[in-house]
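First the structure, in the form of structure tokens, and then the observations on it.
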Amino acid sequence: MSSKFYDGQLGFLALVNAMVIVASLFLVGPKFVGLYSMQSMATQVSELGLLALGVMLAMAAGRGGIDLSGIALANLSGVIAFNLAPQFATAADAPMLYCWVFAAISIIVGILGGAINGTLVGYAGLTPIIATLGTQMLFTGIAVGLTGGSALRLGYIPPLDDFANLPVMGVPISFALFLGVAFALAIVLRYTKYGMRLFLLGSNDVAARYAGIPVRRMYFITYTIAGMLASVAGIIIAARTSSVKWDYGTSYVMVAILIAVMAGVRPEGGYGRVICVVISACALQLMSSLFNFMHLSNFFRDCAWGLLLLLFLAASKVDLSMYLRFRTPVRPGRA
Amino acid sequence: MGHSKLLLAGVSALAMVCIGLPAAAADKEIVTVVKVTGENWFTRMAEGVDKYGADTDGITARQVGPAKADAAQQTAIIQDLIAQDVDAITIVPMDPSALEGVLRRAMKRGIVITTHEADNLQNTQVDMEAFDNHEFGAHFAEQIVECMGEEGQWTSFVGSLGSLTHVQWADGGEEYAAKFPGMELVSPKNESFNDANRAYEIAKEILRTYPDIKGFQGGSAIDVIGIGRAVEEAGLEDRTCVIGLGLPKDTGPYLETGAVDSIAFWDPLDAGYVMNILTKMTVTGEEIKDGMDLGVQGYNNVKVSAGPGEGIIVRGQAWVDVDAANYKEYPF
């Protein structure tokens with residue numbers, strides 16, 4: 001009954017999505033599942049989803065892996081790109097070129113920032129939660145210093161605005177980018193030597209070292225990729241808000257962790273699936289928007305998230321997978 | 001894994017069904033989006049929004065806001081409101097520039113957008129400001145001049161030189177006081193960086209440098225608290241005039257001792273009410289004219305000017321002066 005692709009977690013997450021949608025039909029009517037509403041949710045989920053993928057990588061690498069610096073790095077890459085991009089192209093004369101330069105600089109900053117994390121965790125051997133908390137403050141500090149604390153306006157740049165919001169064949173471009181990045185990451189994790197080593201490393205880093213896996217380099221690469229993912233989120237944020245600011249999305253840190261944990265990523269390392277993270281992010285977005293549609297207080301949502309996080313952490317400690325194989329109905333996986 | 005999670009999912013679905021949703025009739029729905037929920041300031045604004053909803057037929061008015069002051073959360077709320085096709089959204093932006101894109105699309109979908117405290121925002125139809133910032137500054141200076149007997153040294157504070165409104169208040173005060181030859185402005189626009197302790201340190205320094213100083217104009221809402229503390233320690237409550245922006249609850253103790261003479265602010269209750277009036281007028285296509293009386297104290301003769309975008313800016317004269325006698329009437 002179980003294929004290599006399908007597993008209980010995937011089925012469960014798909015079920016949550018389906019249930020939220022069905023519940024929404026009863027609670028708020030068909031407007032919730034309308035095209036515009038779906039597109040709106042899709043544009044919202046991209047930046048969070050990318051940060052969650054970074055958290056997943058860090059967690060899967062083990063040794064208490066986590067990346068708290070994601071959103072800070074995302075904002076910093078936007079801020080630095082904002083400051084440097086006009087050296088190469090101006091938004092007024094060559095908007096398209098400006099956007100590409102902006103994106104390129106962001107990603108370079110993301111890679112550099114990720115490499116700092118990777119060096120601290122991999123080569124200096126620091127505990128990830130401490131190291132990334134430190135870099136989170138460092139990145140935030142630099143961003144505040146560069147902006148003086150206020151938002152810098154990009155203004156209305158048509159290609160950038162289209163990227164953030166324009167749907168192509170019904171799918172917002174930023175969401176398509178998120179899916180594309182996720183797909184590429186999934187392929188890397190499943191079919192490359194790096195992917196195989198990552199999960200082995202996460203399962204047992206001592207054994208991995210004796211097996212000849214270059215442990216330090218693995219951590220370095222993993223946190224660097226997480227930094228790069230954060231910078232892609234930074235580009236989407238800059239495009240969506242047409243501005244850059246140091247404190248945008250400060251509430252994302254916890255939500256990104258929740259998405260990863262809900263997706264069944266093992267906080268101890270060694271397991272995590274990209275597709276589950278994507279579907280988990282969608283589920284959380286659906287719930288979040290549904291709460292808004294239902295006029296529920298935003299404090300209720302924070303409370304619900306905290307509860308979900310604790311429940312899923314508890315659930316991950318109980319292994320009923322044997323049981324699950326016979327019980328869960330087979331559902332087609334959603335991508 | 002499976003059982004506990006299925007159970008959890010079932011319970012949460014059931015919870016959602018139980019909470020339900022009050023069905024709105026064919027009323028026009030105006031939603032007020034604030035910076036953050038749970039702060040006294042915006043709790044008071046919600047009273048104004050509710051009052052407007054109760055006073056007005058054919059309008060459902062409600063207020064929402066994020067649990068944390070995060071521009072990302074505010075943007076998400078607005079996006080979901082757009083998807084719900086509400087008739088109008090009136091916003092106190094966390095960060096005006098972060099909302100331009102979202103608001104542009106909302107207006108394209110035919111949703112009326114109005115704002116408050118965002119006179120630099122382009123994508124809004126009406127921006128409501130409680131007062132003209134220069135006039136507000138002049139209003140402080142007027143009281144200071146009178147209190148000082150039209151002569152002596154005085155100074156002004158700002159949160160930071162980057163806070164445009166604070167600088168405008170200081171400039172407005174300076175311009176007004178310049179009309180009185182006896183008034184000597186010393187070391188103007190001290191930056192407190194929105195920190196009461198810093199305001200206190202600066203005020204102490206100023207009292208040392210200018211022992212005869214008689215007037216202080218506060219900028220950020222906590223400046224008067226810091227200045228008041230320094231004045232109190234120096235025992236100069238009766239000789240000095242400390243007047244500026246402040247919140248009644250925080251400044252109360254200093255008003256009692258006379259260290260702070262008077263504070264002014266705009267009442268968020270009225271602001272919420274007026275935002276909804278202007279929004280409804282925009283929804284129904286009524287023209288908002290210069291000099292109009294909106295029927296709320298302080299908004300009896302509004303000034304209308306062109307905004308930075310397509311929209312207009314509407315300004316009242318809605319400052320509220322509060323001193324030791326009446327600060328208790330304002331619970332924030």
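Among what's in region B:88-110 and is small (Gly, Ala, Ser) and more than 7 Å from every other protein chain (Cβ to nearest Cβ), pick the residue that is surrounded by the fewest Cβ atoms within 10 Å (Cβ to Cβ).
By that ranking, first place goes to B:Gly110.
Which residues, taken from region B:133-188, are among the polar types (S, T, N, Q) and closer than 14 Å to B:Phe216 by Cα?
Listed by number, the residues that qualify are B:Gln143, B:Gln153, B:Thr155, B:Ser156, B:Ser187.
Out of the strands (runs of 3 or more DSSP E) lying entirely within region B:163-248, which hold 3 or more residues that are buried (at least 19 other Cβ atoms within 10 Å of the Cβ) and out of contact with any His (no Cβ under 6 Å at 6 or more places or on another chain)?
Output list reads B:215-218, B:241-245.
For region A:56-112, which positions are surrounded by 24 or more Cβ atoms within 10 Å (Cβ to Cβ) and at positive phi?
The answer is A:Gly62, and nothing else.
Answer with yes or no whether A:Ile157 is more than 23 Å from the chain's Cα centre (by Cα) and of a type in the set (A, V, I, L, M, F, W, C).
Taking the combined requirement at face value, the residue satisfies it.
Could you list, in sequence order, the residues of region B:47-69 that are buried (at least 21 other Cβ atoms within 10 Å of the Cβ), within 14 Å of chain A (Cβ to nearest Cβ) and not β-branched (Val, Ile, Thr)?
B:Ala61, B:Gln63, B:Gly65, B:Pro66
Need pairs with beta-carbon distance below 7 Å; first residue free of Cβ contacts under 8 Å to residues at least 12 places away in the same chain and within region A:227-251, second of a type in the set (D, E, K, R) and surrounded by fewer than 24 Cβ atoms within 10 Å (Cβ to Cβ); sequence gap 6+ or separate chains.
Note: pairs meeting the criteria are A:Ser251/B:Lys68; A:Ser251/B:Asp70.
For residues that are over 25 Å from A:Gly29 (Cβ atoms) and hydroxyl-bearing (Ser, Thr, Tyr), scanning just region A:251-306, find the one that is nearest to the other protein chains (Cβ to nearest Cβ).
A:Ser251
This table checks each residue for (1) under 23 Å from the mean Cα position of the chain (by Cα); (2) at pLDDT below 90.
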| site | (1), (2) |
| --- | --- |
| B:Val36 | yes, yes |
| B:Glu39 | yes, yes |
| B:Glu47 | yes, no |
| B:Tyr52 | yes, no |
| B:Gly58 | no, no |
| B:Val64 | yes, no |
| B:Ala67 | yes, yes |
| B:Ile78 | yes, no |
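Among B:Gln143, B:Gln125, B:Gln217, which is under 26 Å from B:Ile277 (Cβ atoms) and not basic (Lys, Arg)?
B:Gln125
Against the conditions (1) surrounded by fewer than 16 Cβ atoms within 10 Å (Cβ to Cβ); (2) within 9 Å of another protein chain (Cβ to nearest Cβ); (3) within 22 Å of A:Val22 (Cα to Cα); (4) at pLDDT below 80, where does A:Tyr323 fall short? Just the number, please.
Result: A:Tyr323 passes all but (3).
Applying the selection to region A:113-167, what residues are surrounded by fewer than 24 Cβ atoms within 10 Å (Cβ to Cβ), within 14 Å of chain B (Cβ to nearest Cβ) and outside any helix (DSSP H, G or I)?
If the condition is that a residue be surrounded by fewer than 24 Cβ atoms within 10 Å (Cβ to Cβ), within 14 Å of chain B (Cβ to nearest Cβ) and outside any helix (DSSP H, G or I), then A:Gly148, A:Gly149, A:Ser150, A:Ala151, A:Leu152, A:Arg153, A:Gly155, A:Tyr156, A:Ile157, A:Leu166, A:Pro167 are the ones that fit.
Can we say B:Leu21 is assigned to a loop (DSSP other than H, G, I, E, B), modelled with pLDDT under 90 and out of contact with any strand residue (DSSP E or B) (no Cβ under 9 Å at 6 or more places or on another chain)?
yes
What's the number of the condition B:Asp85 fails, among (1) within 7 Å of chain A (Cβ to nearest Cβ); (2) at negative phi; (3) out of contact with any strand residue (DSSP E or B) (no Cβ under 8 Å at 6 or more places or on another chain)?
(2)
Assess whether B:Glu150 counts as being away from every other protein chain (no Cβ under 14 Å) and within 27 Å of B:Lys303 (Cβ to Cβ).
For B:Glu150, the condition - away from every other protein chain (no Cβ under 14 Å) and within 27 Å of B:Lys303 (Cβ to Cβ) - is not met.
Tally time: how many residues in region A:222-241 are buried (at least 24 other Cβ atoms within 10 Å of the Cβ) and either modelled with pLDDT under 90 or among the hydrophobic types (A, V, I, L, M, F, W, C) (or both)? Lay out the reasoning, then the answer.
From region A:222-241, those buried (at least 24 other Cβ atoms within 10 Å of the Cβ) are A:222-223, A:226-241; that's our starting set.
With either modelled with pLDDT under 90 or among the hydrophobic types (A, V, I, L, M, F, W, C) (or both) added as a condition, the list becomes A:226, A:228-230, A:232-233, A:235-241.
The total comes to 13.
Could you list all residues from region A:1-52 that are surrounded by fewer than 18 Cβ atoms within 10 Å (Cβ to Cβ) and either part of a loop (DSSP other than H, G, I, E, B) or of a type in the set (Val, Ile, Thr) (or both)?
Within region A:1-52, A:Met1, A:Ser2, A:Ser3, A:Lys4, A:Phe5, A:Tyr6, A:Ile21, A:Val22, A:Gly29, A:Val33, A:Gly34 meet the criteria.
Quick one: which residue in B:Tyr273, B:Tyr330, B:Tyr299 is under 26 Å from B:Val31 (Cβ atoms) and modelled with pLDDT under 90?
Just a single option satisfies the conditions, and that option is B:Tyr330.
Please state which one of A:Leu189, A:Leu185, A:Leu200 is of a type outside the set (Ser, Thr, Tyr), under 15 Å from A:Gly70 (Cβ atoms) and either away from chain B (no Cβ under 14 Å) or out of contact with any Ser or Thr (no Cβ under 7 Å at 6 or more places or on another chain) (or both).
Every option except A:Leu185 fails the conditions.
The values are calculated or read from the model by the stated rules, or taken from the named source; none is laboratory data. Since the model is a prediction, treat every value here as computed from it, not as a measurement. For neighbour counting, all protein chains shown are included, and Cβ atoms are generated from backbone atoms with ideal geometry for every residue, glycine included.
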